[in-house]
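The values are calculated or read from the model by the stated rules, or taken from the named source; none is laboratory data. Since we're looking at a predicted model, the values are computed, not measured. All Cβ positions, glycine included, derive from the backbone under ideal geometry; neighbour counts span all protein chains shown. To get the accessible areas, we keep the full protein, side chains included, count just its heavy atoms, and leave off ligands, DNA and RNA. Shrake-Rupley method; radii C 1.70, N 1.55, O 1.52, S 1.80 Å.
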Amino acid sequence: QVHLEESGGGLVQAGGSLRVSCAASGRAFNNYAMGWFRQLPGKEREFVAAIDWSGTSTYYADSVKGRFTISRDNGANTLSLQMNSLKPSDTAVYYCTADPFLVNVRSGGPGHWGQGTQVTVSS
């Protein structure tokens with residue numbers, strides 16, 4: 001079992017930057033692909049970014065490509081999402097997820113999920 005806990009959300013002005021993190025505990029962190037999703041009230045959870053177990057391969061939604069960077073530190077059991085040039089449309093609750101299979105992470109499969117952290121971008 002893997003327990004995930006997000007942190008680092010908050011309020012930021014449009015054009016600003018924010019870094020959210022996900023601390024993982026439990027089974028071997030580097031056995032899992034990881035990812036970030038976001039969700040607005042009443043809307044479907046939306047894929048943001050994913051990273052394979054080694055950190056070699058990364059994937060992004062078109063809406064965040066070039067602005068967001070996903071990374072992981074397997075020694076510290078931590079996943080991060082650096083968000084630059086933030087827009088009001090990036091406002092959402094951000095969730096991290098982990099699964100042994102990258103395809104499941106990218107599709108938002110069952111896996112393991114954190115409780116989420118709120119990111120609000122003001123205009």
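A few comments on the model shown:
- Within region 68-94, the set of residues being open to solvent by 50 Å² or more (accessible area, probe 1.4 Å), charged (D, E, K, R) and outside any loop (DSSP other than H, G, I, E, B) comprises Asp73 only.
- Conditions (1) open to solvent by 20 Å² or more (accessible area, probe 1.4 Å); (2) part of a loop (DSSP other than H, G, I, E, B); number of the one not met by Val64: (1)
- Only one entry of Val119, Val103 meets the criterion of being without any contact (Cβ under 8 Å) to a residue 60 or more places away in the chain, among the β-branched types (Val, Ile, Thr) and closer than 30 Å to Gln1 by Cα, and that entry is Val103.
Conditions tested, residue by residue: (1) among the basic types (Lys, Arg); (2) in contact with a helix residue (DSSP H, G or I) (Cβ under 8 Å, 6 or more places away or on another chain); (3) more than 20 Å from Gly8 (Cα to Cα).
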position	(1), (2), (3)
Gly26	no, no, yes
Asn31	no, no, yes
Lys43	yes, no, yes
Trp53	no, yes, yes
Ala61	no, no, yes
Gly66	no, no, yes
Thr91	no, no, no
Thr97	no, yes, no
Gly108	no, no, yes
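- Arg38 under 19 Å from Ala92 (Cα atoms) and in contact with a Gly (Cβ under 9 Å, 6 or more places away or on another chain): yes
- Condition check for Ala50: more than 20 Å from Gln118 (Cβ to Cβ), among the aliphatic types (A, V, I, L, M), touching a Phe, Trp or Tyr at 6+ places or on another chain (Cβ under 8 Å) and open to solvent by less than 40 Å² (accessible area, probe 1.4 Å): yes
- Residues being of a type in the set (Gly, Ala, Ser) and either under 17 Å from Asp52 (Cα atoms) or in a strand (DSSP E or B) (or both) - total across region 95-123: 6
- Scan of region 2-21 for residues that are under 18 Å from Gly75 (Cβ atoms) and buried (at least 16 other Cβ atoms within 10 Å of the Cβ), ordered by number: Val2, Leu4, Ser21
- Scanning region 22-41 for residues that are open to solvent by 30 Å² or more (accessible area, probe 1.4 Å) and at pLDDT 95 or above turns up Ala23, Gln39.
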